[in-house]
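Comments concern the structure below.
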2 protein chains.
Amino acid sequence: MFYVIGLGLCDEKDISIRGLEAVKGASRVYLEAYTSILMISQERLEAFYEKPIIVADRDMVETQSDEILKDADKEDVALLVVGDPFGATTHTDIVLRARALGIPTRVIHNASIMNAVGACGLQLYNFGQTVSLVFFTETWKPDSYYDRVKENVKLGMHTLVLLDIKVKEQSEENLARGRKIYEPPRYMSIPTAVSQLLETEASRQEGILEPETTLAIALSRVGGDSSQQKIVAGTLKELLNQPVEVYGEPLHSLVIVGKRVHHLEIEYAEDYAVDKASWRRVAKDMYKCTEL
Amino acid sequence: MFYVIGLGLCDEKDISIRGLEAVKGASRVYLEAYTSILMISQERLEAFYEKPIIVADRDMVETQSDEILKDADKEDVALLVVGDPFGATTHTDIVLRARALGIPTRVIHNASIMNAVGACGLQLYNFGQTVSLVFFTETWKPDSYYDRVKENVKLGMHTLVLLDIKVKEQSEENLARGRKIYEPPRYMSIPTAVSQLLETEASRQEGILEPETTLAIALSRVGGDSSQQKIVAGTLKELLNQPVEVYGEPLHSLVIVGKRVHHLEIEYAEDYAVDKASWRRVAKDMYKCTEL
């Protein structure tokens, strides 16, 4: 059996009992270490599972799937994935490959940011499509995400914005010299994300994202304990101006609040507001939450 | 500490290690048994946890939250929720109440249908808002969900449709006589759901849901083993005409496929199609999946 096992959001204890049993029974255990970043070390996971883990980068999962799937028709092989196997980035390719090889597969689900985002108090059924925001460079500022945000905003839906992670980046010099030396991972911060949103707005000028009248909520390490999980709510301008420490450790996500927001969603999230009075005022005036 | 713990989708083994530890350490354990239905019995859960569980219906969670929260500032109390605590129905009220009482709260996330729906092969970031479909009666056929489906369809987004559950219904006679005797739970089946969708379409006539050219995917017991999890794909008409057994045991959910669907999503889901040739043909002709 080929198991694809969601690890959930925080650490080794977020795996399910079923997932842990599958890990314990597997001959080989791979950890997919690209799409999201586990908050704990490989060593800690190995100690918890009492067995070695093979770290599989995205390349390996995509190009060497037959290696991973080897003998999975005769013994159990587990691929561990941060979050849920069908979360923001999916693992459909390797499941399709297993299917083609006649290898039975079982997916063990877990929380991912796609549902745990509900922790901010906004209702999941009021979310529209999810978008990803990549790091802008001097010469490359892809803004197609803006069209999707616009679609959500026009319908009054909330938008979950997933922020870019750069892993296995090479410096220009190392790239030129063909040296496989990688830079440390980079995570987009909330202020960077907001400044990119506002940069796109400034160039598109369609009035979708307004510094002082668009409400948003930043999340990090959702599901962690109170020293880890950070949720910060405010106008885009307020979020832009907070020191990065306020947002805690990466990974970060951002939610743009839609106009159909219910006053109870606003009240729940108010607890996380940078400035509660401003949060409430903007919700009342610009989001028509007259019950507040 | 007040713990709100997601149990995940299937049975006692879907709880996380962290969740199980919190249950083991709690003085009182409540199980919220309204919004979704666990696939296993209370007794089996109690045996697994080695402690008694207090079943809390929706009424109790809403009106007697102070009873549940009693002493949670001094000892640990756990509220178990099927799926994720912030899934389709949220538990924000009781968390707000805990906040007001100064009781620290920790949410332990898990999979819910809102993210596990990715198991059908459709990408989560291509989903628009989620809708709920309630049982129609002779005189009450609420169709406001149709407007939301229409918004998603017009943007080409997929729609997750959550199907109604009736628990604690009273017969007219028992209701009239004030007898608290409840009917067995009722779950909406996929054919019933599809026939209601088509009934609304027939009355609204906006061409949003077409029997022969709208593709949809039915899911039940997502995350269960191969004897439990059922995923069935087809046109609305095909799904309407399958015998109910094809769809397995409740709970069921339905996804209406949006026009922005990628050919890889179609290929992945084809494995679940009632009629693979028809699935592919409709995707090619009506969904412009020309790469197929």
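Structure notes:
- Candidates B:K276, B:K166, B:K74, ranked by Gaussian network fluctuation over chain B, Cα under 10 Å, top entry: B:K74
- Three-way shape label, chain B, alpha-carbon gyration tensor, a/c 1.5: prolate
- In the range A:114-287, the inverse of the mean reciprocal separation of distinct Cα atoms equals 16.7 Å; this is its Kirkwood hydrodynamic radius.
- Gyration tensor verdict on the range A:185-292 (Cα atoms; rounded if a/c is under 1.5, prolate if a/b is larger than b/c, oblate otherwise): oblate
- Using a 7 Å Cα-to-Cβ projection, B:E183 label spacings across copies, nm, ascending: 6.3
- For A:K166, the distances from its label point to the matching points in the remaining copies are 5.9 nm, ordered from shortest, with each point set 7 Å beyond Cα toward Cβ.
- Charge tally in the Cβ shell below 11 Å around B:I54, where Lys, Arg are +1 and Asp, Glu are -1, B:I54 excluded: -2
- Estimated dipole of the range A:108-249 in Debye, rounded to 20 [Cβ of Lys and Arg +1, of Asp and Glu -1, Cα centre]: 420 debye
- Under the shape rule built on the C-alpha gyration tensor, where the axes satisfy a ≥ b ≥ c, the protein assembly as shown is rounded, since a/c falls short of 1.5.
- GNM on chain A, alpha-carbon springs under 10 angstrom: the most fluctuating residue among A:E267, A:E169, A:E249 is A:E169.
- Going from the fewest other Cβ atoms within 10 Å to the most, the residues A:E206, B:E43 appear in the order B:E43, A:E206.
- Dipole size of the range A:2-111 about its Cα centre, with +1 on Lys/Arg Cβ and -1 on Asp/Glu Cβ: approximately 280 debye, rounded to the nearest 20.
- The amide H of A:T105, built 1.01 Å from its N in the peptide plane, has A:F2 as neighbours under 5 Å, considering only residues 5 or more places off or on other chains.
- A dipole drawn for the protein assembly as shown from +1 and -1 charges on Cβ atoms has a positive end, and of B:P104, B:L45, A:V255 the residue lying farthest that way is A:V255.
- Among beta bridges that DSSP assigns inside chain B, antiparallel share in %, nearest 5: 45 percent
- Copy-to-copy label distances for B:K70, where each label lies 7 Å from Cα along Cα-to-Cβ, are 6.1 nm in order of increasing length.
- For chain A, modelled as a GNM whose springs connect Cα atoms under 10 angstrom apart, the maximal fluctuation among A:S132, A:S171, A:S41 occurs at A:S171.
- Straight-distance candidates among the aspartates and glutamates for linking to B:K74, with alpha-carbon spacing under 19 Å and chain neighbours fewer than 8 residues away dropped: A:D225, B:E21, B:D66.
- Charge tally around B:K24: other residues with Cβ under 9 Å, Lys/Arg +1 each, Asp/Glu -1 each, net -1.
- Size of electric dipole in the protein assembly as shown: Cβ of Lys, Arg +1 and of Asp, Glu -1, about Cα centre, debye, nearest 20: 440 debye
Laboratory data are not the source of any read-out in this text; all were calculated from the coordinates shown. Since the model is a prediction, treat every value here as computed from it, not as a measurement. Every residue, glycine among them, receives a Cβ derived from its backbone with ideal geometry; neighbour counts consider all protein chains shown.
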